[in-house]
Amino acid sequence: MRRAEFVTAFILAFLSLYLMWKSGEGPSWDTEYVHWSNTGVNIDGSGPGKGFFPFYLALGMLVSCVWIIVNAIRRTSPPSQSDEPFMDSYAKKMLLLVGGGLIGFLILIDLISMYAAIAVFMLYYMLILGRHPLLLSLVTSFVVPFWLYLFFDIVMTKVQPKGLRVIETAFYNPLGNFFRDQSLLVIVLCFAVSGAALAFTARAAARQ
Amino acid sequence: MEIYSALMDGLWIALQPHNLALAVIGVIVGLFVGALPGLGSVNGVAILLPFTFVINEATSDPAAPMIFLAAIYYGAMYGGAISSITLGIPGASTAVATTFDGRPMALQGNADRALVTAAVASFIGGTVATLFFTGFAPVLSSVALDFGNPEIFALMLLAFATFVGLGGDDIPKTMFSIFFGLLLATIGFDTISGEPRLIFMNEREQTAILEAVGGNTDAVPFFDSVGWFSRGIQFLVLAIGVYGIGEMIWTINASRYKVTMTETTISAGRIWRAIVGMKDCWKGTTIGSFLGFFVGILPAAGATPGSLMSYGVAKMTSRDPKSYGQGNPDGVAAPEAANNSASTGAMLPMMTLGIPGSPTTAVLLAGMVIWGLEPGPRLFEDRPEFVWPLIGSFYISNIVAVLVNLAFIPLFLWVLRMPFTILAPVIFTLSIIGTYAAYDNMYDVWLMVLFGFGAYLLRILDYPLAPAVLAVVLGATAEEKMRQSLLLSDGDFAIFYSPFYDRDGTGQEWWIAPVTTWIAVILIALPIILWAVRKMRGGSPATTETT
């Protein structure tokens, strides 16, 4: 933990320095601009420049990082006193599985659509991380994206990504046409029936 | 009388079917969110804020989404106690103090009494605070109408100083968090000069990157879609990243999916007996109701310090302080009345001054801005059709929350048995789909997830993230007010700290901004002063820096 405290503070300090430099940049179209000249408090009588506020905020970040490093050297902050690892083996494994799952989820959205990606992610999480029964995992990973599809795409017309064109034309277009022709009552019934199926499966799984 | 009639009109509008339905749904969602360990009002409000765009479009009424979110906020305050008592894990930081006596009561077989005490005390606290709010808000907003740019900037400075002086976290890390949040808010186009800044992709850099990839823009992720940071960092991207992804990963790691629940039986007779038993808790309820509200008003304080402080005062003033921590119902009533009271109190500076009193109100404030409202003193003058129905909904939501809470305690207990391995992917999913629904592009979704990972790593090292969220919300206004003040004073900072600075050439003295600025300076210096005092007395400096 102590090493992580130092490493993080140094990384953030370098980030602060970089942001201080970036704050002093002018517009790319102004070839005569002199670096830092927009960080003044009163430029030509028109008040602070556009770089003033970010420059001093980044400076504040840098000072804070130096203070954090000093505290770490003096061992006055709890992480710098701790002998525990920054992440134990469970935390590393968990971050890899959960974080990896999330990254995979985001990659899949552009390929197989938002709702199919949700289904795959739910199935992955429940089966592999949660070790839930297969039937419960399958039903949940169908019902949750189905509810979200009905809510966002059909009821609220907030259209989500549909993945590759072939998936959109072969699957989502006919599905959308079907549900948009239905009354609100039918949509509510779809919500209720799929919810009942989920509750039934969950109950059966709990009994086992 | 004017307030009374405005309130009656507001109550009438809040009772309209669509607003009442939103209040009921919001309370139920809030109760669930609050009851689930690791999730608090801020998580619920941040994750569900994108859903309110839909509500706003459907109702064309800016009060409707706010009623929904405020109801979630209320519900979460009630719900936090459920897991504190039955699981021994606070549903949210606001319910930490409830575990001190709530958990021992549950272990002694009195979980039902603890749950009912928490619900009724929450109701009393919320109602007292709403009455205060109704009385104070119009007065405070009319006073604040005279505030100029230096006053508003000084108040924002005070909000950040409160985090540093009273936040209880590592001071340099809190300061880093504030500076970082404010800096994130500056990314994009400068509103005063209209020039881009910190966009990390200006024309020169674009050309260089394009040359490197042979002119193929498809090889650079999101190159065409949004121009990288030129749109700035959207507030929700940070808030959902921190509270929907980062906090969830943190909770998974901390709980390791394992919690033990104390079973309890709830019946109408037992609820009634517990309500009758509330007469033993009048002291804690009273302390929590009053103290919670005034602590909640303090910028950046919020419900957590309010509930902890009320518990402390109730214990200190008790004839039997030793019974606290052993299952004293007063020890449940005081923090529960306080956290509800403080949540209403925190809305007072948000709505009248435009300065949020807690991370949750920071999210609410951002929502109001997105819906085209300008929180601040003019809100009461310009948008009474928004303000009074919202205040009316505070009363309604309170009644709804206590009834739903008492009626559905068994249901909440059932939900708490839901494995975290089902809940967690649902929350991740809502975070992702909510962010996409808000901004219609995958770039912000990726950024949100990256913020989530960063927030998790920083959280391990005790970096507080609530100040960053608050700072992102306030950043643009803080910069604008500061720059306009300095424009007025030709770059002279005395406009902030000296009452004798002649702003308009009339020789008038201006006291509000200097007094506020000096209080902020003292608050920032307070930990250093305490550290010096302890050092002089021979104490350890380390203890001061982490208090």
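The values are calculated or read from the model by the stated rules, or taken from the named source; none is laboratory data. In this text the structure is predicted, and so the values were computed from the model without any measurement. Using ideal geometry, Cβ is built from the backbone for each residue, glycine included, and neighbour counts are taken over all protein chains shown. The area values use the complete protein model at the heavy-atom level, side chains included, leaving out ligands, DNA and RNA. Shrake-Rupley method; radii C 1.70, N 1.55, O 1.52, S 1.80 Å.
At-a-glance table
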| quantity | calculated |
| --- | --- |
| Share of Cα-Cα pairs in segment B:474-543 lying beyond 17 Å, as whole percent | 59 |
| Part-to-part distance (alpha-carbon centres) for segment B:369-439 and segment B:14-64, which is given in Å | 3 |
| The protein assembly as shown, Cα convex hull volume normalised per residue, Å³ | 182 |
| Mean ellipticity per residue at 222 nm, deg cm²/dmol - from DSSP H runs of n ≥ 4 across the protein assembly as shown, formula -39500 (n - 2.57) | -23000 deg cm²/dmol |
| Straight-distance crosslink candidates among lysines, where the alpha carbon sits under 16 Å from A:Lys22 and sequence neighbours closer than 8 are dropped | A:Lys50 |
| Over chain B, relative contact order from alpha-carbon pairs under 8 Å, at least 6 apart, % | 27 |
| HN-Hα J in Hz across segment A:77-93 - Karplus 6.51, -1.76, 1.60, θ = phi - 60°, x for Gly and Pro | 9, x, x, 6, 8, 7, 8, 6, x, 4, 9, 7, 5, 5, 4, 5, 4 |
| In Å, descending, principal axis extents of the Cα set of chain A | 66, 51, 29 |
| Accessible area (Å², per residue) of the protein assembly as shown, counting only protein heavy atoms and a probe of 1.4 Å | 41 |
| Mean-position separation - Cα centroids, segment B:324-348 and segment A:13-36, in angstrom | 49 |
| Between segment A:73-105 and segment B:277-322, the alpha-carbon center distance in angstrom | 36 |
| Chymotrypsin sites (Phe, Trp or Tyr not before Pro) restricted to DSSP loop in segment A:58-159 with at most 12 other C-beta within 10 Å | none |
| Axial C-alpha extent at least 20 Å, average Kyte-Doolittle at least 1.6 - helices from chain B (DSSP) | B:17-35, B:149-166, B:420-439 |
| Cα convex hull volume per residue for segment B:97-146 (Å³) | 62 |
| Lysine pair number, Cα distance threshold 29 Å (strictly under), chain B, separation 8 or more or different chains | 6 |
| Kirkwood hydrodynamic radius over Cα pairs of segment B:1-142, then Stokes diffusion coefficient at 10 °C and 1.306 mPa s, in µm²/s | 98 |
| Helix A:184-207 axis, angle to chain A major axis (alpha carbon atoms, nearest 10°) | 90 |
| Nonlocal amide H pairs with A:Gly163, under 5 Å, H built at 1.01 Å | A:Ser113, A:Met114 |
| Relative intensity, log₁₀ I(q)/I(0), of chain B from a Debye sum that treats every alpha carbon as a point, q = 0.06, 0.08, 0.09 Å⁻¹ | -0.30, -0.53, -0.67 |
| Tail fraction, Cα-Cα pairs, segment A:2-81, threshold 22 Å, whole percent | 39 |
| Computed Kirkwood radius, in angstrom, where 1/r is averaged over Cα pairs of segment A:89-207 | 15.6 |
| Measure of compaction for segment B:300-414 (Cα Rg per 2.2 N^0.38 Å) | 1.31 |
| Degrees separating the helix A:114-124 axis from the principal Cα axis of chain A, which is the longest one | 90 |
| GNM result for chain A, Cα springs below 10 Å: residue of A:Lys92, A:Lys162, A:Lys50 fluctuating most strongly | A:Lys50 |
| Length gained when the stretch A:Phe179-A:Arg3 is fully extended (0.36 nm per residue, less Cα-Cα span) | 57.7 nm |
| Exposed-site-free run, longest, chain B (rule: GluC sites (Glu not before Pro); DSSP loop; at most 16 other C-beta within 10 Å) | B:1-262 |
| Trypsin sites (Lys or Arg not before Pro) restricted to DSSP loop in segment B:271-372 with at most 15 other C-beta within 10 Å | B:Arg319 |
| Relative contact order (%) - segment A:2-81, alpha-carbon pairs under 8 angstrom, separation at least six | 38 |
| Between 0 and 90°, nearest 10: helix A:134-148 axis offset from chain A longest Cα axis | 70 |
